[in-house]
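Everything below concerns the one structure shown next.
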Amino acid sequence: MNLEEYLEQNNIWYKFVDKPETIHTADAAKESGIDLKKITKSLILLDQDKNLILAIVPGDCKLSFEKVRTATGAKKVRLVPFEDAENYSGYLPGATPMVCHKNKMIVIIDKKLISYDTIFGGGGTRTKLLELKTNDVITLNIAKVEDISE
């Protein structure tokens, strides 16, 4: 199922924003004119048992691996290699949306993001951003809200 079908099937409000092709969040903010704090990074990690974790953090923050370990109870977490990310999520790096992934993942959203009604993330391609209601991102993913950034 593609991303738009998934959103329609779940009766989710959404908006796609077209932009020139980008990979990095800061470039997406610059090209779209959207505040970097509201554009998310969807980072795919693996724990020591190869469980997939999707960490959603504000574009102006760095992921704290220590905080992710604490939030998940994992002994070790690491980012999946850039070139392998698509195999886990179904999307190229820079295009990974906050919802609708190829594989089931534990999802953690940084608590800084819940102050916004809507947030932006990858739109399934590197030429789109996807705006979703923050509560829908949490609900669809059964996400934990934690402090995972620095």
Partner lysines for Lys76 [C-alpha distance under 17 Å; skip if fewer than 8 residues away on the same chain]: Lys50, Lys67
Read through the labelled values (1) 164; (2) 138; (3) 94 and report the label of the one computed as volume of the Cα convex hull per residue in Å³ from the structure. (3)
Sorted by chain and number, the residues with a modelled amide H under 5 Å from that of Thr118, at a separation of 5 or more or across chains, are Thr134
Counting other Cβ atoms within 10 Å, keep those with at most 11, restrict to DSSP loop, and tell me which trypsin sites (Lys or Arg not before Pro) in the range 1-61 are left. Lys50
Calculate the length of the line joining the C-alpha centroid of the range 92-121 to that of the range 43-79, in whole Å. 13
Just list whichever of Lys75/Lys111; Lys30/Lys144; Lys38/Lys112 have alpha carbons separated by over 18 Å in the model shown. Lys75/Lys111; Lys30/Lys144
Please find, in a Gaussian network model of the chain (springs between Cα atoms separated by less than 10 Å), the residue of Phe65, Phe82, Phe16 whose mean-square fluctuation is greatest. Phe82
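Throughout, read-outs are computed from the coordinates displayed, never taken from laboratory work. Please read all numbers here as calculations on a predicted model, not as lab measurements. Here Cβ is always computed from backbone atoms with ideal geometry, including for glycine, and neighbour counts include all displayed protein chains.
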